[in-house]
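K.L.:
Below is one structure. I have some questions about it.
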Amino acid sequence: MSTTTGTATIETGVAAGGQAPRSRARARAQRTGSRYAFLVPTVYITFLMLPIYWLFNMSLKTNQEILSKFTLWPDEPTLANYMVIFTDPSWYNGYINSITYVVLNTVISVAVALPAAYAFSRYKFLGDKHLFFWLLTNRMAPPAVFALPFFQLYSAFGLIDTHLAVALAHCLFNVPLAVWILEGFMSGVPKEIDETAYIDGYSFPKFFGKIFMPLIASGIGVAAFFCFMFSWVELLIARTLTTTAAKPIAATMTRTVSASGMDWGVLAAAGVLTIVPGALVIYFVRNYIAKGFALGRV
Amino acid sequence: MEKTVNNKAWFMVLPVLLLVAFTAVIPLMTVVNYAFQDSFGNNQFFWVGIEWFQELLASERFHDALVRNLIFSFSILAIEIPLGIGIALCMPKKGWGVPVCLVLMALPLLVPWNVVGTIWQVFGRADIGLLGYFLNLIGINYNYTQDPIAAWATVIVMDVWHWTSLVVLLCYAGLVSIPEAYYQAARIDGASRWAVFRYIQLPKMHSVLLIAVLLRFMDSFMIYTEPFVVTGGGPGNSTTFLSIDLVKMAIGQFDLGPAAAMSLVYFLIILLFSWVFYTVMNNAGAEKKHYAGEE
């Protein structure tokens, strides 16, 4: 990471070695520029955090306080809204359902994508380029197109309202994504490693498990993270395929509209709780997020 | 890397193939099947040929949704891409600020899409939302459920909030991959800040920017959940994008034929863009190798 110093270094460098008056003036201008550069990310992060803060703020208020007066922080912070969620099975089961199908989907996606990505990164075979492109098109398919046919397909197999149905349906966009990310990481491993392993008498499965997988461990982590993420945030398909037994937490949130009006406090608390898993996993992959979004090609 | 020809590699791709065939090909065939038939319930279907397609391509409803969607996608690109580059350039390159920035900026990307909608729905309300309350306090009559302009502004600001970080992260990854030697050379030549950006940073960000532009274009073209939660496509039809219209037709009204025809046209438009994406990206990759070979 020694090459990551960037503009800050140029500017100090220019300042130190500024012989000509012209470049000194410019150096000064750049230094003042860089001194205030931190303001941009700060303002941006504030913009990002404000709506989330507002949701958090609301989740700690009573409905009466939310509706009767406008306060920037709760007058009497209460955890009652969270208690509603943690004590009512129809709420916390939504959580368990979401996590179940997300994990199931991540495992399936990464498991089938591993050998395929290896094939794409190491071999040429009949129709490989077309196949790769076809996989990509599935990542680009609008979920709205698939909502209705999915419903009919999974009804025919009797899978409606099961975790497996949602996990399989999310493979539509997660498998291509996992193949792409893993292929990017695998192409970074020199081929000589495979050849040396074969010469040393390793069988393919043994080589793959013992030598190759540890080498691309970070790639597997990133692919798993992205599968987790896209399955976690998707709702249209998940909601179409479930009714009660496998209903995701995000879909349960629509329940807060009742005859007596919106239950804003509980809605906000549920929203805050859906952000927590994302915030937890993001910390582990913070240095690889961009590489994952670039499909392993930065 | 030289690849060896090996047709047995097909066996390694087979699991993916079967899975994607089940999740993509079979449903797509159902859609194609419906697109050419009409139904009067009771599972009776009649062949209608290309009638649905003719009807769709002539319908004002589809044109309007398509135009709205294109305007939306291009406004998103015009705002998010320059903003993302600017923020990435200003981000700290080392020290404690880096992980803090990365984690906080990535946070909106992991919020479930309907919760993004809920957050902004609440945030923009004049009675209980921070944004709506303050806008009305300073005299701007802001109400996204009544005023189409306010609804559009809300949907666009929400998307900027949700996805600009993706552009920032990608650009940042491109920026940190620039070797220090490039900057030293620029310093010796007395290059201006603009020249450093134009001739060193921008070319290095080229490939990631391409990915950012195309990912943002395609995802905003498929947008459904967030505007649906905030505005429900309204007021009137002013924020009804293609996906919202499609779901309304397929699941709300259960018009299988027209919905299937629209799905196919919609998918073909996206397919066209993915093809451009794939070709351009591959060419960019080839160019990169070309340059690397020269160095």
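K.L.:
Just a yes or no: is a residue in region A:129-145 more than 30 Å from B:Asn69 (Cα to Cα) and surrounded by fewer than 18 Cβ atoms within 10 Å (Cβ to Cβ)?
P.N.:
Checked region A:129-145: at least one residue is more than 30 Å from B:Asn69 (Cα to Cα) and surrounded by fewer than 18 Cβ atoms within 10 Å (Cβ to Cβ).
K.L.:
Could you please let me know if B:Ala78 is under 23 Å from the mean Cα position of the chain (by Cα), farther than 30 Å from B:Pro179 by Cβ and loosely packed, with under 14 Cβ neighbours inside 10 Å?
P.N.:
Taking the combined requirement at face value, the residue satisfies it.
K.L.:
In region B:112-163, what residues are crowded, with 24+ Cβ neighbours inside 10 Å, at the interface with another protein chain (Cβ under 8 Å from one of its Cβ atoms) and part of a helix (DSSP H, G or I)?
P.N.:
Once the filter is applied, which keeps residues that are crowded, with 24+ Cβ neighbours inside 10 Å, at the interface with another protein chain (Cβ under 8 Å from one of its Cβ atoms) and part of a helix (DSSP H, G or I), region B:112-163 yields B:Asn114, B:Val115, B:Thr118, B:Ile119, B:Trp120, B:Val122, B:Phe123.
K.L.:
I've got another one for you. Here are A:Ala250, A:Ala268, A:Ala259: which of them is at pLDDT 80 or above and in the same structural domain as A:Tyr123 (by TED's automatic domain parsing)?
P.N.:
Values: A:Ala250 fails: at pLDDT 80 or above; A:Ala259 fails: at pLDDT 80 or above.
On inspection, the qualifying residue turns out to be A:Ala268.
K.L.:
Of all residues in region A:80-102, count the ones that are free of Cβ contacts under 8 Å to residues at least 40 places away in the same chain and either of a type in the set (Val, Ile, Thr) or in contact with a Pro (Cβ under 8 Å, 6 or more places away or on another chain) (or both).
P.N.:
Final tally of qualifying residues: 2.
K.L.:
Could you tell me how many of the residues in region A:48-70 are farther than 11 Å from B:Val122 by Cβ and without any contact (Cβ under 8 Å) to a residue 12 or more places away in the chain?
P.N.:
Residues that pass the stated criteria total 9.
K.L.:
When the residues of region B:173-190 are filtered to those that are assigned to a helix (DSSP H, G or I) and of a type in the set (Ser, Thr, Tyr), which remaining residue is farthest from the other protein chains (Cβ to nearest Cβ)?
P.N.:
For region B:173-190, the residue satisfying everything is B:Tyr182.
K.L.:
Still on this model: Against the condition in contact with a Pro (Cβ under 8 Å, 6 or more places away or on another chain) and either modelled with pLDDT of 80 or more or exposed (fewer than 14 other Cβ atoms within 10 Å of the Cβ) (or both), how does B:Val20 come out, does it pass? Before the answer, list the steps.
P.N.:
Details: in contact with a Pro (Cβ under 8 Å, 6 or more places away or on another chain): yes; either modelled with pLDDT of 80 or more or exposed (fewer than 14 other Cβ atoms within 10 Å of the Cβ) (or both): yes.
So B:Val20 passes the test.
K.L.:
Still on this structure, I have one more. Could you go through region A:45-62 and let me know if any residue there is surrounded by fewer than 18 Cβ atoms within 10 Å (Cβ to Cβ), outside the structural domain of A:Met262 (by TED's automatic domain parsing) and at pLDDT below 85.
P.N.:
The answer is yes, given that some residue of region A:45-62 is surrounded by fewer than 18 Cβ atoms within 10 Å (Cβ to Cβ), outside the structural domain of A:Met262 (by TED's automatic domain parsing) and at pLDDT below 85.
K.L.:
Give the number of residues within region B:88-101 that are assigned to a helix (DSSP H, G or I), crowded, with 23+ Cβ neighbours inside 10 Å and facing another protein chain (nearest Cβ under 7 Å). Full working, then the answer.
P.N.:
Our first condition is that a residue be assigned to a helix (DSSP H, G or I); within region B:88-101, this holds for B:88-90, B:97-101.
Those still in the list that are crowded, with 23+ Cβ neighbours inside 10 Å too: B:88, B:101.
Now narrow it down to the ones that are facing another protein chain (nearest Cβ under 7 Å): B:101.
Summing the residues that are assigned to a helix (DSSP H, G or I), crowded, with 23+ Cβ neighbours inside 10 Å and facing another protein chain (nearest Cβ under 7 Å) in region B:88-101 gives 1.
K.L.:
Is region A:152-164 home to any residue that is assigned by TED's automatic domain parsing to the domain that holds A:Ala217, on the phi > 0 side of the Ramachandran plot and not hydrophobic (A, V, I, L, M, F, W, C)?
P.N.:
Yes: region A:152-164 contains one or more residues that are assigned by TED's automatic domain parsing to the domain that holds A:Ala217, on the phi > 0 side of the Ramachandran plot and not hydrophobic (A, V, I, L, M, F, W, C).
K.L.:
So B:Val168 ticks every box in (1) in contact with a Pro (Cβ under 9 Å, 6 or more places away or on another chain); (2) within 29 Å of A:Thr240 (Cβ to Cβ); (3) not acidic (Asp, Glu) but one. Which box is left unticked?
P.N.:
For B:Val168, the exception is condition (2).
K.L.:
Go through (1) in contact with a Ser or Thr (Cβ under 6 Å, 6 or more places away or on another chain); (2) within 30 Å of B:Ala150 (Cα to Cα) one by one and return the number of the condition B:Ile85 breaks.
P.N.:
(1)
K.L.:
Could you grab me the full set of residues in region B:168-197 that are under 27 Å from B:Phe217 (Cβ atoms) and modelled with pLDDT under 90?
P.N.:
B:Leu169, B:Leu170, B:Cys171, B:Tyr172, B:Ala173, B:Gly174, B:Leu175, B:Val176, B:Ser177, B:Ile178, B:Phe197
K.L.:
Determine whether B:Phe72 is of a type in the set (Phe, Trp, Tyr), in a helix (DSSP H, G or I), modelled with pLDDT of 85 or more and surrounded by fewer than 17 Cβ atoms within 10 Å (Cβ to Cβ).
P.N.:
Answer is no for this residue.
K.L.:
Of B:Ser238, B:Ser220, which residue is in a helix (DSSP H, G or I) and more than 11 Å from chain A (Cβ to nearest Cβ)?
P.N.:
None of the others qualify; the one that does is B:Ser220.
K.L.:
Can you say whether B:Arg198 is basic (Lys, Arg) and touching a helix residue (DSSP H, G or I) at 6+ places or on another chain (Cβ under 7 Å), as far as the supplied structure shows?
P.N.:
no
K.L.:
Further, regarding this structure: Can you confirm whether B:Lys8 is free of Cβ contacts under 8 Å to residues at least 12 places away in the same chain and basic (Lys, Arg)?
P.N.:
yes
K.L.:
I need the full set of residues from region B:190-245 which are among the charged types (D, E, K, R) and over 15 Å from B:Leu70 (Cβ atoms), in order please.
P.N.:
Across region B:190-245, the qualifying residues are B:Arg193, B:Arg198, B:Lys204, B:Glu226.
K.L.:
Could you count how many residues in region A:116-128 are in a helix (DSSP H, G or I) and free of Cβ contacts under 8 Å to residues at least 60 places away in the same chain?
P.N.:
Selection size over region A:116-128: 2.
K.L.:
So which helices (runs of 4 or more DSSP H) are wholly in region A:129-234 and hold at least 1 residues that are out of contact with any Asp or Glu (no Cβ under 7 Å at 6 or more places or on another chain), at the interface with chain B (Cβ under 9 Å from one of its Cβ atoms) and touching a residue at least 12 places away in the same chain (Cβ under 8 Å)?
P.N.:
Output list reads A:143-156, A:163-187, A:217-233.
The values are calculated or read from the model by the stated rules, or taken from the named source; none is laboratory data. In this text the structure is predicted, and so the values were computed from the model without any measurement. Neighbour counts run over all protein chains shown; Cβ positions are idealised from the backbone, glycine included.
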